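**Student:** Below is the structure I would like to discuss, written out as structure tokens.
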Amino acid sequence: MKTKAFYLIFILTVVISCGNKNSTQTDFENQHVETASTIGFNEEFNSKKLKPHSFRDARTGIVVSSSSYPSDWNVISKPNYTLDQKLPIFLTQIQGPNNLKSFNTPMKVHISYQNPQTYQFMRNSVSRNLHRPMISNQAIIQEEVLPRMQYSGFEFVEQIRLPKLENYVQQKLRAESGGQVQMDMISTVWKNNKGQKALVTVGKLYMQQPLSFIDTMTLWMYSADYMFVDEGHFTESISILENALITSKENPQWKQYVAQLNQLRAQKSAQQHQLKMQNRQAAFNAHQEKMKGIWAAQDANHASFMNRTFGANSSRSQQNFINMINEEETVYNPLNGKNYQVDAGSMQYWMDSEGNYIKNNDLFYNPNGGINLGNREWVKVGKAF
């Protein structure tokens with residue numbers, strides 16, 4: 001499960017915080033201010049200056065990515081390490097003119113199982129909050145978004161699509177996960193009686209992993225993005241936020257760090273697995289040595305008992321005694337000169353050179369006559385001497 005969680009967190013850092021891969025480290029050392037016209041905004045934004053905002057990893061000091069926002073917007077980002085102590089998911093707060101406020105919620109992670117028995121067992125034995133059946137985005141809206149918006153004086157207007165944003169995220173997921181990670185996104189519009197509108201977008205990522213031939217585990221996580229602004233600037237603010245994400249620049253140094261981290265974790269996992277297997281082998285060897293001593297003592301006691309019962313060096317009597325207990329007979333096969341153990345109770349035994357035998361109580365039976373069984377030679381065997 002840790003591997004899957006790490007993989008999804010890595011995807012999140014790429015999708016949420018990264019964009020254009022053609023940037024270099026120099027881009028981050030010498031950021032320049034762009035005009036909105038360079039990224040295709042409406043004409044009324046052509047004169048608006050943009051300023052870069054860096055999303056920085058607090059553990060290493062490395063910039064993860066950089067996005068450009070209007071210069072009169074106040075953007076604050078904070079790395080969150082709840083899901084992984086090495087890889088941050090950024091919480092962002094934005095304030096700007098026209099009563100603009102925007103923020104996102106911390107990522108919530110859950111695990112669900114196809115088999116109800118597995119789900120109940122895991123829920124009882126591990127964290128109850130972690131294990132939860134995956135729910136729809138509409139259910140998340142009803143459970144979490146609706147109460148918050150109603151408390152803030154907003155009412156639901158409609159559900160809309162943001163195809164530009166959705167296509168961007170879907171392409172990033174396909175490129176980074178090879179189709180293993182799936183996404184559901186839902187965007188809703190709200191308004192209040194003060195001339196403001198709000199956009200709430202819920203994004204959910206999930207991936208499945210077979211546990212056995214009867215069960216499947218699904219790791220799923222989601223967060224919500226909120227934006228509030230005066231109604232007349234609603235559509236324009238959405239475009240600015242979309243373009244800030246889509247035109248963001250990924251820091252190659254961060255991607256290199258993540259690749260090295262992934263490699264180190266894989267090596268550590270392999271070493272831990274090897275050490276675990278070595279410990280198991282050592283425990284098995286110790287057990288075998290202990291059992292050898294027990295078996296040797298049992299063999300000595302058995303030999304002593306057999307000698308007292310049948311006399312010293314009476315191996316044939318011992319074998320007969322063992323055969324009586326096991327309801328077996330010892331027969332000699334002249335085809336290969338070996339002795340074999342067969343089930344007792346038959347008048348005759350026919351055997352091939354490989355030790356396969358036929359039990360028979362018909363004195364006139366011969367498996368070599370007529371249709372030969374297996375096209376091989378069968379010989380009647382008798383008791384070994």
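**Student:** Here's a check for you: in the range 177-221, which residue that is without any contact (Cβ under 8 Å) to a residue 24 or more places away in the chain and more than 11 Å from the chain's Cα centre (by Cα) is farthest from Pro106 (Cα to Cα)?
**Tutor:** So in the range 177-221, the residues without any contact (Cβ under 8 Å) to a residue 24 or more places away in the chain come out as 178-179, 183, 208, 210, 212-213.
Restricting the remaining residues to those that are more than 11 Å from the chain's Cα centre (by Cα) gives 178-179, 183, 212-213.
On the way: Gly178: 26, Gly179: 25, Met183: 17, Ser212: 32, Phe213: 34 Å.
Step by step, filter the range 177-221, then rank; the result is Phe213.
**Student:** When you check Phe121 against the structure, is it modelled with pLDDT under 90 and either buried (at least 18 other Cβ atoms within 10 Å of the Cβ) or outside any strand (DSSP E or B) (or both), yes or no? Spell out the reasoning first.
**Tutor:** Values: modelled with pLDDT under 90: yes; either buried (at least 18 other Cβ atoms within 10 Å of the Cβ) or outside any strand (DSSP E or B) (or both): yes.
Against the criterion (modelled with pLDDT under 90 and either buried (at least 18 other Cβ atoms within 10 Å of the Cβ) or outside any strand (DSSP E or B) (or both)), Phe121 qualifies.
**Student:** Do you know which residues across the range 324-363 are in contact with a Ser or Thr (Cβ under 8 Å, 6 or more places away or on another chain) and not in a strand (DSSP E or B)?
**Tutor:** Leu335, Asn336, Asn361, listed by residue number.
This table checks each residue for (1) over 13 Å from Lys383 (Cβ atoms); (2) modelled with pLDDT under 65; (3) surrounded by 15 or more Cβ atoms within 10 Å (Cβ to Cβ).
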{"site": "Gly311", "(1), (2), (3)": "yes, yes, no"}
{"site": "Ser317", "(1), (2), (3)": "yes, yes, no"}
{"site": "Ile325", "(1), (2), (3)": "yes, yes, no"}
{"site": "Gly337", "(1), (2), (3)": "yes, no, no"}
{"site": "Tyr340", "(1), (2), (3)": "no, no, yes"}
{"site": "Met347", "(1), (2), (3)": "no, no, no"}
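**Student:** Out of Ala244, Ala270, Ala259, report the one residue that is in the same structural domain as Ser152 (by TED's automatic domain parsing) and of a type outside the set (Asp, Glu).
**Tutor:** Working: Ala270 fails: in the same structural domain as Ser152 (by TED's automatic domain parsing); Ala259 fails: in the same structural domain as Ser152 (by TED's automatic domain parsing).
After ruling out the rest, the residue left standing is Ala244.
**Student:** Please go through the range 148-188 and pick out each residue that is in contact with a helix residue (DSSP H, G or I) (Cβ under 8 Å, 6 or more places away or on another chain), within 18 Å of Ala224 (Cβ to Cβ) and among the aliphatic types (A, V, I, L, M).
**Tutor:** Leu162, Leu165, Val169, Met183, Met185, Ile186, listed by residue number.
**Student:** Is there any pair linking a residue in the range 65-80 that is within 17 Å of Lys249 (Cβ to Cβ) and touching a residue at least 12 places away in the same chain (Cβ under 8 Å) to one that is surrounded by 20 or more Cβ atoms within 10 Å (Cβ to Cβ) and of a type in the set (Asp, Glu), with Cβ under 9 Å and at least six apart or on different chains, and which?
**Tutor:** From the range 65-80, the pairs are Ser65/Glu250; Ser66/Glu250.
**Student:** Still on this structure: Working only within the range 168-202, note down all residues that are at pLDDT 90 or above and outside any strand (DSSP E or B). Explain how you work it out, then say what you get.
**Tutor:** The first filter runs over the range 168-202 and keeps only residues at pLDDT 90 or above, leaving 184-202.
Selection gives Asn192, Asn193, Lys194, Gly195.
**Student:** Ok, one more. Take Pro163 and decide whether it is modelled with pLDDT of 85 or more, surrounded by fewer than 13 Cβ atoms within 10 Å (Cβ to Cβ) and either over 22 Å from Leu100 (Cβ atoms) or outside the structural domain of His233 (by TED's automatic domain parsing) (or both). So that I can check it myself, show each step before the final result.
**Tutor:** Working: modelled with pLDDT of 85 or more: yes; surrounded by fewer than 13 Cβ atoms within 10 Å (Cβ to Cβ): yes; either over 22 Å from Leu100 (Cβ atoms) or outside the structural domain of His233 (by TED's automatic domain parsing) (or both): yes.
Yes, satisfied.
**Student:** Can you find a residue in the range 217-238 that is of a type in the set (D, E, K, R) and not in a strand (DSSP E or B)? So that I can check it myself, show each step before the final result.
**Tutor:** Residues of the range 217-238 of a type in the set (D, E, K, R): 225, 230-231, 236.
Filter again for not in a strand (DSSP E or B), leaving 231, 236.
Looking through the range 217-238, at least one residue is of a type in the set (D, E, K, R) and not in a strand (DSSP E or B).
The values are calculated or read from the model by the stated rules, or taken from the named source; none is laboratory data. Everything numeric in this text was worked out from a predicted model, so none of it was measured. Every residue, glycine as well, gets a Cβ built from its backbone with ideal geometry; the counts of neighbours run over all protein chains shown.
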